[in-house]
Amino acid sequence: MAKGSDLLVAALENEGVERIFGIPGEENLDVVESLRRSKIELVLTRHEQAAAFMAATQGRLTGQPGVCLSTLGPGALNFTTGAAYAHLGAMPMLMITGQKPIKSARQARFQIVDIVGAMRPLTKMTRQIVAAVAIPTIVREAFRLAVDERPGPVHLELPEDIAAEAADAALVPPHPIERPLPAPAAVERVARMIADAKCPLVMIGAAGNRPRLVGPLSDFVRRMGIPFFNTQMGKGAVTGSSDLYLGTAALTERDYVHDAIDRADLIIAVGHDTVEKPPFLMGRALGGRKVVHIGYGSATVEEVFYPDAELTGDIGASVTALADRLGGRLRPDRGMLALRETILARVNERATADGFPVTPQRLVHDVRAAMPDDGIVCLDNGMYKIWFARNYRTHTANTLLLDNALATMGAGLPSAIAAKLIDPTRRVLAVCGDGGFMMNSQELETAVRLRLDLVVLIIDDSAFGMIRWKQAVEHFADFGMSFGNPDFVTYASAYGAHGHRISAAAELAPTLDACFQAGGVHLVAVPIDYSENTRVLVDELGNRASAVDTP
């Protein structure tokens, strides 16, 4: 016989869980005690939202569910943004929350909120555990659902009396799950469409950027010889060092990569998830252009995305089957490849500009210079995300973590902490706007307490920059977007971290490198010249669109 909390922790160990992020409460003290006696590390965070972001990032990087823990009511509700982050971003995660006893009500309705109901629209499964004997089976099912395509968050609520209840239950061993293979007839149909196309183009989306797909997709691109681009969340699935890489669709239209999209007569959309902002608009397709969807499941038909054919099943098996059928037989369109140098050169203009405050292009250039190929950059959400998506060249999969799904602020620092815990040998950099950083800046204490080697780059413009830019583009008055910031150098010192302020463009790259060399937690504040948002993303690209539209 074992109590419910011991069964829960044993079931988590059975699934290979090595750490849990979160904040305990009165209602899960049995679980905390069981964790104390286990091999699982409890990573104590300073806010439950940050714990959920960390667990989701672990799921994103490893393909196996990250786990986070909270108490009931207010603590559990703080998981909801992280749940939505994982749900829209397809990141496997398990949230465990406490609850008052369900067999008695000695505290009446004190702190009780229907968390299962609150989590229902944000998760793949949400369930209250009502008997300790069922825990091993429920945990196994939760892990299976979390990783099954489309991956996402699951939630289990463990009441206090069930955690203390004694039961005799065997663990359920995990088993391999083989994903369905594509139908041979569908492979043949899509292969014919590709073979008949004069100018095919591959697009890699969010669902193509799973850890297990790095090998099959890289092999597919190499063997097929078809130029490719990616969506924001597909970035890095195949190395940007490839001679076939054309760039990232950081915007929906008018950017330089859209010259290649407009030239294509067939777009092979691998793993496109319409939760992302559209990388192109099908309704404006030039005459005769077709789109093929390759995915684990059928395409979600949207106003701007309605493919002409689909190849459903395991993406790795699908692209391998196409490469086996067509590899070596295709000849890339010379005009498409000729566009490559123009596209990549234009998006990197002003990358070495010496002006101060630094341009976004210089910021991205210098971050790239400071990061090795396998270094991980974790972006919060803000205007700089578009510049990193356009300009940052990834050489290794899952080394630029950005969120183009929920696009929440506050996730950058927690995600970087999780990435560093997963692989302490790699350089990890959090890039945060000052607005997003301050939403979870308390996690600096977590990073310092864990003795992490971590660098946080804060883009300092004393405003909610992306919304302020949009406000200006829409010709609204400048209102409600500006705020004051702490002295970030002093702020870092208060947590036991090291603070730095950049005062010239030439200081940025060497400061970042010196921080990594020194070790410890470093906060680097850099002012930015966001006038480039209007000059490039509005004026320059707008003029391009006008020139193209002029007969």
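The values are calculated or read from the model by the stated rules, or taken from the named source; none is laboratory data. Nothing here was measured: the structure is a model prediction, and the numbers come from that model. Methodologically, a virtual Cβ is constructed for each residue, glycine included, from the backbone with ideal geometry; neighbour enumeration extends over all protein chains shown.
Of note:
- Selected residue (only one of Ala170, Ala197 is more than 20 Å from Gln58 (Cα to Cα), aliphatic (A, V, I, L, M) and touching an Asp or Glu at 6+ places or on another chain (Cβ under 6 Å)): Ala197
To keep it simple, each residue is scored yes or no on (1) surrounded by fewer than 22 Cβ atoms within 10 Å (Cβ to Cβ); (2) touching a strand residue (DSSP E or B) at 6+ places or on another chain (Cβ under 8 Å); (3) more than 16 Å from Pro360 (Cβ to Cβ).
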| site | (1), (2), (3) |
| --- | --- |
| Ser441 | no, no, yes |
| Leu450 | yes, yes, yes |
| Tyr491 | yes, yes, yes |
| Ser503 | yes, no, yes |
| Glu507 | yes, no, yes |
| Ala514 | yes, no, yes |
| Gly519 | yes, no, yes |
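- For segment 28-67, taking the residues that are among the small types (Gly, Ala, Ser) and over 19 Å from Thr80 (Cβ atoms), the one that is nearest to the chain's Cα centre (by Cα) is identified as Gly63.
- Residue count, segment 30-47 (criterion: touching a residue at least 60 places away in the same chain (Cβ under 8 Å) and out of contact with any strand residue (DSSP E or B) (no Cβ under 6 Å at 6 or more places or on another chain)): 5
- Applying the set (1) small (Gly, Ala, Ser); (2) closer than 28 Å to Asp161 by Cα; (3) surrounded by 21 or more Cβ atoms within 10 Å (Cβ to Cβ) to Ala56 leaves exactly one unmet item: (2).
- Gly496 at pLDDT 95 or above, within 27 Å of the chain's Cα centre (by Cα) and farther than 16 Å from Gly433 by Cα: no
- Residue count for segment 344-374, restricted to those that are assigned to a helix (DSSP H, G or I) and modelled with pLDDT of 90 or more: 11.
- Taken together, the residues in segment 221-258 that are part of a strand (DSSP E or B) and polar (S, T, N, Q) amount to 2.
- For segment 328-342, the set of residues classified as of a type in the set (Gly, Ala, Ser), in contact (Cβ under 8 Å) with a residue 12 or more places away in the chain and part of a helix (DSSP H, G or I) consists of Gly335 only.
- Selection over segment 150-180 of residues that are farther than 13 Å from Pro136 by Cβ and either among the aromatic types (Phe, Trp, Tyr) or surrounded by fewer than 17 Cβ atoms within 10 Å (Cβ to Cβ) (or both) gives a count of 9.
Residues checked against (1) of a type in the set (Gly, Ala, Ser); (2) in the same structural domain as Thr62 (by TED's automatic domain parsing); (3) buried (at least 21 other Cβ atoms within 10 Å of the Cβ); (4) within 20 Å of Leu401 (Cβ to Cβ):
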| residue | (1), (2), (3), (4) |
| --- | --- |
| Gly205 | yes, no, yes, yes |
| Val221 | no, no, yes, no |
| Gly225 | yes, no, no, no |
| Met233 | no, no, yes, yes |
| Thr252 | no, no, no, no |
| Asp255 | no, no, yes, no |
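- Close pairs (6 angstrom Cβ cut-off, 6 or more residues apart or separate chains): in contact (Cβ under 8 Å) with a residue 12 or more places away in the chain in segment 169-190, hydroxyl-bearing (Ser, Thr, Tyr) and assigned to a helix (DSSP H, G or I) anywhere: Val172/Thr137; Pro182/Ser318
- Inter-residue pairs, beta-carbon under 7 Å, first farther than 10 Å from Pro24 by Cα and in a loop (DSSP other than H, G, I, E, B) and in segment 68-84, second modelled with pLDDT of 95 or more and of a type outside the set (S, T, N, Q), 6+ apart: Asn78/His47; Asn78/Glu48; Phe79/Glu48; Phe79/Ala52; Phe79/Cys68; Phe79/Met95
- Enumerated helices (runs of 4 or more DSSP H) restricted to segment 108-180, each holding at least 2 residues that are under 19 Å from Ala83 (Cβ atoms): 115-119, 135-147
- Reported count of residues in segment 432-448, each being part of a helix (DSSP H, G or I) and not charged (D, E, K, R), is 9.
- Residue selected from segment 461-493 under the condition among the hydroxyl-bearing types (Ser, Thr, Tyr) and at pLDDT 95 or above, by the criterion nearest to Asn381 (Cα to Cα): Tyr491
- All helices (runs of 4 or more DSSP H) inside segment 464-551 with 3 or more residues being closer than 25 Å to Tyr256 by Cβ: 465-473, 541-549
- Qualifying residue in segment 272-286 (condition: touching a Lys or Arg at 6+ places or on another chain (Cβ under 8 Å) and either assigned to a helix (DSSP H, G or I) or not hydrophobic (A, V, I, L, M, F, W, C) (or both)): yes
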